[in-house]
Amino acid sequence: MAAENLTLGKALNSGLRKAMEDDPKVIMMGEDIGKLGGVFRITDGLQKDFGEDRVIDTPLAESGIVGTAVGLAIRGYRPVCEIQFDGFVYPAFDQIVSQLAKMHYRSQGQVRLPVVIRIPFGGGIGAVEHHSESPETYFVHTAGLKVVTCASPVDAYWMIQQAIASDDPIVFLEPKRRYWEKGEVDTAAPAAQVFPLHASRVARPGTDCTVLAYGPMVKVALDAATAAEEDGRALEVIDLRTLSPLDLTPVYESVRRTGRCVVVHEAPATLGMGAEVAARVTEECFYSLESPVLRVAGFDTPYPASRLEEEYLPDLDRVLDAVDRSFGW
Amino acid sequence: MTTTAETATAELLDWYEQMAVIRRTEQAAQDLFLAGLVKGTTHLAAGHEAVAVGASTALRDDDYVFATYRGHHHAIARGATPEECLAELMSKATGLCGGKGGSMHLTKADRNMLGSYAIVGAHLPMAAGAAWSAVLRGSGQVAVAFFGDGATNIGTFHETLNLAAVWKLPVLFVCENNLYMEYTPIGSVTAVPNPAADRAAAYRLPAELLDGNDVLAVHAAVATAAQRARAGDGPTIIEARTYRQFGHSRTDPGKYRPEAEVAQWLARDPLTLARAALADRGVPESDVDAADQRARALVEAAVAAAKAAPEPDLATALTDVWADGSAGWRS
């Protein structure tokens, strides 16, 4: 047992370090990640310990960064690209969506693309547009990409290592507002005890309503469950963890028991993850549902000015309100 | 690597034959397209043969090549057979990518032909990345990105020239300047007269502007640039002026090009120039004709084989989404 109390950011840093120790083919690249250690210090100390050949400060050129990573990957390396902020990923969109995602398919498997694109995502830190966005749907919509997000330090530590070890390209979304939150991480846990990468997980069992969340919204959902308990409602919170491929088997099992389902995310509601989940839950659990699947999401607006972001972001009250509406059907 | 003066006559005759194979394959692709047997689209490189053959013969087998959607010539120059290329165009099971790539995505990874790319400029940073892998391995390999004149105005061109120059990567940027960005003269949409070479100074890179229809000139320039890259001296830009003998794609007749210009370039056909060079060296015309005949027979057999090849199993549409070969939950 080597349990440590780590922030989510430090857990990522330790996970990245472990991945570099385990495999000399792992290379980190991104803007300001070397000497500075990244604007959120997630790569702090890695260049110092692994050298400038393996932890590279790149030009400010997202398309060039991801394209270079593709070239490294198809010749045997495992590049990990840091995109400094969520909104900065769009200049690399062509490389990710048209190349990284599709080259394995169109070459009939002649080349493999084990690339991880790390993106600090979501709001809640008083930043603004381009620095607070939730772009997951674009990537989930693209066949050939896997998309995962962690919500706790222990998941951050293991999921980043699992993502780097994967032979598929993975967009790894980091809940930036949770970087500073702490949790226990057993860095010496035996492999059998480590939760699989592409699996959702019940974060809090309950019987009355299933609440689905991922990344930064898992904490909001858990806080809502604690508050609901006072009203005599036992919410079951499921952390989706993997957005592509989705793992909805535990969700179907849960909704068949609770009859109610609320999906929470920061991204705008229209065509967001909640829409896909609602469709699938409706198809699979139609006769168990007591009410429609409801969504608690960001508004269909550009990310607002920082003074307004607390109105934009789903919070405990909006989640509880959705639960109430689910019961009022 | 050999220089122009040292190129053996037998070698030049072999290059001629390779160019003839490419020309015949491109003509066959056009005929098959007009017969409705090519699925999708084609962008033919007839006229560009000297760039592919001149460059490829100056490279090691383990060097990496990245090409564009007008890339049949590079695939063949790197060892793909006309049969597997034509089968790929026809979406047959025996195609280079089992029919999943099509004309625009010819790939033969086991010969280090690391793909053709239909998003203009997308492969330039990939070539930089592959070159970087060679540096990390200390293998002395180089990567070559072939691209058209149109690519010189897109962001990845400039991003890649910069980072490859900063990191001194062993990568060659070879622009096939055929004077037209699709249907528009490149000169009318570009701030400098030589779209690739004139940009080199901004990245402190050496550049060479040459006749892309002269296989000996291309070979010599690529050999020199590759040597430079292998020595750790970084990238070189090569701008090879050439000309498409067909239109941009599919059935485009290319009527937007002045007749005199077309005639002038057809007179400077790369195969005609190579024939003249062979004649200068005293090679009998019958030897060159024999090379032509071999090319013709090879491509005729390739067409027949590609036509006879089986269609792909429909199930392959649901394979290889993921690295384990599956399509997972998306199926």
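Here are a few things to note about the model shown:
- Whichever residue in the range A:232-245 is open to solvent by 10 Å² or more (accessible area, probe 1.4 Å) and free of Cβ contacts under 8 Å to residues at least 40 places away in the same chain and, among such residues, is farthest from the chain's Cα centre (by Cα): A:G232
- Taken together, the residues in the range B:79-102 that are away from chain A (no Cβ under 12 Å), open to solvent by less than 20 Å² (accessible area, probe 1.4 Å) and of a type outside the set (A, V, I, L, M) amount to 3.
- Some residue of the range A:11-25 being assigned to a helix (DSSP H, G or I), open to solvent by 10 Å² or more (accessible area, probe 1.4 Å), in the same structural domain as A:S134 (by TED's automatic domain parsing) and among the acidic types (D, E): yes
- Taken over the range B:297-315, the residue count meeting the criterion of being surrounded by 14 or more Cβ atoms within 10 Å (Cβ to Cβ) and part of a helix (DSSP H, G or I) is 7.
- Considering B:H105, B:H158, the condition of being open to solvent by 20 Å² or more (accessible area, probe 1.4 Å), within 10 Å of chain A (Cβ to nearest Cβ) and under 16 Å from the mean Cα position of the chain (by Cα) is satisfied by B:H105 alone.
- Unmet requirement for B:A35, which otherwise passes all of (1) touching a residue at least 24 places away in the same chain (Cβ under 8 Å); (2) surrounded by fewer than 24 Cβ atoms within 10 Å (Cβ to Cβ); (3) small (G, A, S): (1)
- The set of residues from the range A:40-53 being part of a loop (DSSP other than H, G, I, E, B) and without any contact (Cβ under 8 Å) to a residue 60 or more places away in the chain comprises A:R41, A:T43, A:D44, A:G45, A:G51, A:E52, A:D53.
- Filter result for B:D320 (out of contact with any strand residue (DSSP E or B) (no Cβ under 6 Å at 6 or more places or on another chain), surrounded by 12 or more Cβ atoms within 10 Å (Cβ to Cβ) and assigned to a helix (DSSP H, G or I)): no
- Residue match in the range A:38-53 (condition: within 28 Å of A:T7 (Cα to Cα), surrounded by fewer than 24 Cβ atoms within 10 Å (Cβ to Cβ) and facing chain B (nearest Cβ under 10 Å)): yes
Here's the yes/no breakdown for (1) in contact with a Cys (Cβ under 8 Å, 6 or more places away or on another chain); (2) open to solvent by 40 Å² or more (accessible area, probe 1.4 Å); (3) closer than 30 Å to A:F85 by Cα:
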| residue | (1), (2), (3) |
| --- | --- |
| A:A165 | no, yes, yes |
| A:V171 | no, no, yes |
| A:T210 | yes, no, no |
| A:A221 | no, no, yes |
| A:T249 | no, yes, no |
| A:R257 | no, yes, no |
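- In the range B:108-137, the residues that are more than 8 Å from every other protein chain (Cβ to nearest Cβ), touching a Phe, Trp or Tyr at 6+ places or on another chain (Cβ under 8 Å) and not hydrophobic (A, V, I, L, M, F, W, C): B:N112, B:S116, B:G121
- Residue within the range B:132-141 that is of a type in the set (S, T, Y) and open to solvent by 20 Å² or more (accessible area, probe 1.4 Å) present: yes
- Residue match in the range A:268-283 (condition: out of contact with any Ser or Thr (no Cβ under 6 Å at 6 or more places or on another chain), hydroxyl-bearing (S, T, Y) and in a loop (DSSP other than H, G, I, E, B)): yes
- Positions within the range A:73-116 being facing chain B (nearest Cβ under 7 Å) and within 22 Å of the chain's Cα centre (by Cα), in sequence order: A:D94, A:Q95, A:S98, A:Q99
- Residue within the range B:62-76 that is part of a helix (DSSP H, G or I) and within 14 Å of chain A (Cβ to nearest Cβ) present: yes
Residues are listed down the side, and each one gets a yes or a no for (1) farther than 26 Å from B:S249 by Cβ; (2) in contact (Cβ under 8 Å) with a residue 24 or more places away in the chain; (3) assigned to a strand (DSSP E or B):
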{"residue": "B:L136", "(1), (2), (3)": "yes, no, no"}
{"residue": "B:G140", "(1), (2), (3)": "yes, yes, no"}
{"residue": "B:F147", "(1), (2), (3)": "no, yes, yes"}
{"residue": "B:T152", "(1), (2), (3)": "no, yes, no"}
{"residue": "B:E159", "(1), (2), (3)": "yes, yes, no"}
{"residue": "B:F173", "(1), (2), (3)": "no, yes, yes"}
{"residue": "B:D198", "(1), (2), (3)": "yes, no, no"}
{"residue": "B:G232", "(1), (2), (3)": "yes, yes, no"}
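- Tally of residues being open to solvent by 20 Å² or more (accessible area, probe 1.4 Å), assigned to a loop (DSSP other than H, G, I, E, B) and either closer than 22 Å to A:P250 by Cα or in contact (Cβ under 8 Å) with a residue 40 or more places away in the chain (or both) across the range A:305-329: 2
- Lone qualifier among A:A192, A:A227, A:A188, A:A199 - being open to solvent by 10 Å² or more (accessible area, probe 1.4 Å) and without any contact (Cβ under 8 Å) to a residue 40 or more places away in the chain: A:A192
The values are calculated or read from the model by the stated rules, or taken from the named source; none is laboratory data. What you see is a predicted model, and the numbers here were worked out from it, not measured in a lab. So basically every Cβ, Gly included, is an ideal-geometry build from the backbone, and we count neighbours across all protein chains shown. All accessible areas refer to the heavy atoms of the entire protein, side chains included, with ligands and DNA or RNA removed. Shrake-Rupley method; radii C 1.70, N 1.55, O 1.52, S 1.80 Å.
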